[in-house]
Amino acid sequence: MSFNKLGLSTALLKAIQDKGYIKPSEIQKEAIPEILKGNDILAGAQTGTGKTAAFALPILHTLQNAESKRRRVRVLVLVPTRELASQVGESFRDYGSNLRFRTSILYGGVSINTQIDKIKKGVDIVVATPGRLLDHLNQKTLNLFELETFVLDEADRMLDMGFIRDIKKILKYLPEEKQNLLFSATFPNEIKSLADSLLNSPKRIQVKSNNSTADKVEQVVYPVDKSRKRELLAHCIKEENWFQVLVFSRTKHGANKLAQQLNKEGIDADALHGNKSQAQRTRALKDFKDSKTQVLVATDIAARGIDISLLPHVVNFDLPYVPEDYIHRIGRTARAGQEGKAISLVSADEHKLLFDIEKLLKSPIPRETIIGFEPTQNLSTDAPKSRGPSRKKQNSSRTSKKGSPRSKTSWNKRKNKNKASKNNRRS
Ligand code: AMP
């Protein structure tokens, strides 16, 4: 199926072509026609499925069809994190590059006055995080009386981050009559009841089962002693020449410490977490996307929604306490049909967390023991048995599979290639 069949305007089809999308993803095929019909939507879709375009494209089409000279906020997209707000806002700008709509991105940690100035000039689309949006609503620097479409993105993450009360407050500022679109990777009870109260005879769309992970992510567990995790990570990055590695750490302190230690070992690493200023977070993400930083160590919340095309490696330095977070984490790689690998460094004390994740996945994750890093304590007796061949057996074929192992030169080549293609895009 091609995008032409979905009933989108020529201006949007042109923007889609400029982005290089050839055919719509599953969520786009299902959601775009329903949203164009004006239906409410309850969609089960995780990040990486193309869900942003699935709502942004039909929203822009509808705005264009009923274009009016008077600017007012007609669309509100609520997202859990600043990074996601930036990305979704940029997507609206990209897809709407041939249209005249203005998008405002509102989140905390930056000057509210600059945002107020922009709002005063008139905006059509607002993409916001709950806290800063409430500040604007309370101060009456923004009104949503004439809102036509409301999108609640990553609703389950909103719940995890304690935003549910803020969302309920925000809903009171919205008009009763509007189109409502709710996207969530999972549907815990609180999200189900929020959906019941918000949505009007919604069309239900489920592109992947709640607990499925991106099909193309190759998952593996490296059993290792806790005290040797950092050493193993540095070893893998160097030996296997991993580039653009997103490493998850459970704590902000742990993320900082790990980034510092990797730097000491000569690996370019930076940390991304909620204690950093917005400017630092934006810079860390930009440097990582531009391949200036080889490794980004992030906490779950900060990494939520990060979209980096061709991100080849995600590493769980610590396993998450909430099994669903594992799915969110590994969804950072193998996005939009690319291949990717998710590696979990698991110590014996984490076997219960691993067991819970495998229960959620309904399948065991293959174990590979790295030579020289054999754990002194076995991982688990009650976790499912390993399916994969041991690393010891396949080590030689692994490095020689596609010729010689990647060297630092290939990392530099990749860096330059990325810079070149970025410059091309800019010009
Ligand atoms: P999302 O799930 O919205 O975060 O999108 C994940 C990634 O998929 C983004 O980098 C999009 O630019 C990309 N993408 C979205 N739709 C398509 C498509 N139809 N074909 C190829 N890539 C897409």
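The values are calculated or read from the model by the stated rules, or taken from the named source; none is laboratory data. Nothing here was measured: the structure is a model prediction, and the numbers come from that model. Positions of Cβ are generated from backbone atoms using ideal geometry, with glycine treated the same way; all protein chains shown enter the neighbour counts. The area values use the complete protein model at the heavy-atom level, side chains included, leaving out ligands, DNA and RNA. Shrake-Rupley method; radii C 1.70, N 1.55, O 1.52, S 1.80 Å.
The trypsin sites (Lys or Arg not before Pro) found in segment 115-184 that occupy coil by DSSP, while having at most 10 further C-beta atoms within 10 Å, are Lys121, Lys140, Lys172. What's the carbon and sulfur percent of segment 119-259's accessible surface, probe 1.4 angstrom, rounded to a whole number? The computed percentage sits at 45.
Here the dipole of segment 131-204 is about 120 debye; that uses its Cα centre as origin and unit charges on the Cβ of Lys and Arg (positive) and Asp and Glu (negative). Note: relative contact order over segment 3-206, using C-alpha pairs below 8 Å and six or more positions apart, is 29 percent. Distances between placed amide hydrogens fall under 5 Å for Ala271 paired with Val297, all partners being 5 or more residues away or on another chain. Shape call for segment 217-361 from the C-alpha gyration tensor, a ≥ b ≥ c root eigenvalues: rounded (a/c under 1.5), prolate (a/b greater than b/c) or oblate? Since a/c stays below 1.5, the shape of segment 217-361 is classed as rounded. Ala284 sits among other residues whose Cβ lies under 9 Å from its own Cβ, and their net charge, with Lys and Arg +1 and Asp and Glu -1, is +2.
Rolling a 1.4 Å probe over the heavy atoms of the protein chains gives segment 217-361 an accessible area of 36 Å² per residue. Here the dipole of segment 217-361 is about 520 debye; that uses its Cα centre as origin and unit charges on the Cβ of Lys and Arg (positive) and Asp and Glu (negative).
So which of Lys19/Lys118; Lys192/Lys292; Lys29/Lys192; Lys23/Lys120; Lys37/Lys69; Lys19/Lys252 end up more than 32 Å apart, counting from Cα to Cα? Long pairs (Cα-Cα over 32 Å): Lys192/Lys292; Lys23/Lys120; Lys19/Lys252. Accessible surface computed residue by residue for segment 3-206, with neighbouring protein chains in place and a 1.4 Å probe, gives 44 Å² per residue. Among the trypsin sites (Lys or Arg not before Pro) found in segment 1-107, those both in a DSSP coil and sparsely packed, with 15 or fewer other Cβ atoms within 10 Å of their Cβ, are Lys37, Lys69, Arg70, Arg71, Arg72, Arg100. Taking amide H as placed 1.01 Å from N in the peptide plane, the amide H of Gln206 sits under 5 Å from that of Gly44, each at least 5 places away or on another chain. For Glu26, the accessible area of its heavy atoms, probed at 1.4 Å with every protein chain present, is near 90 square angstrom.
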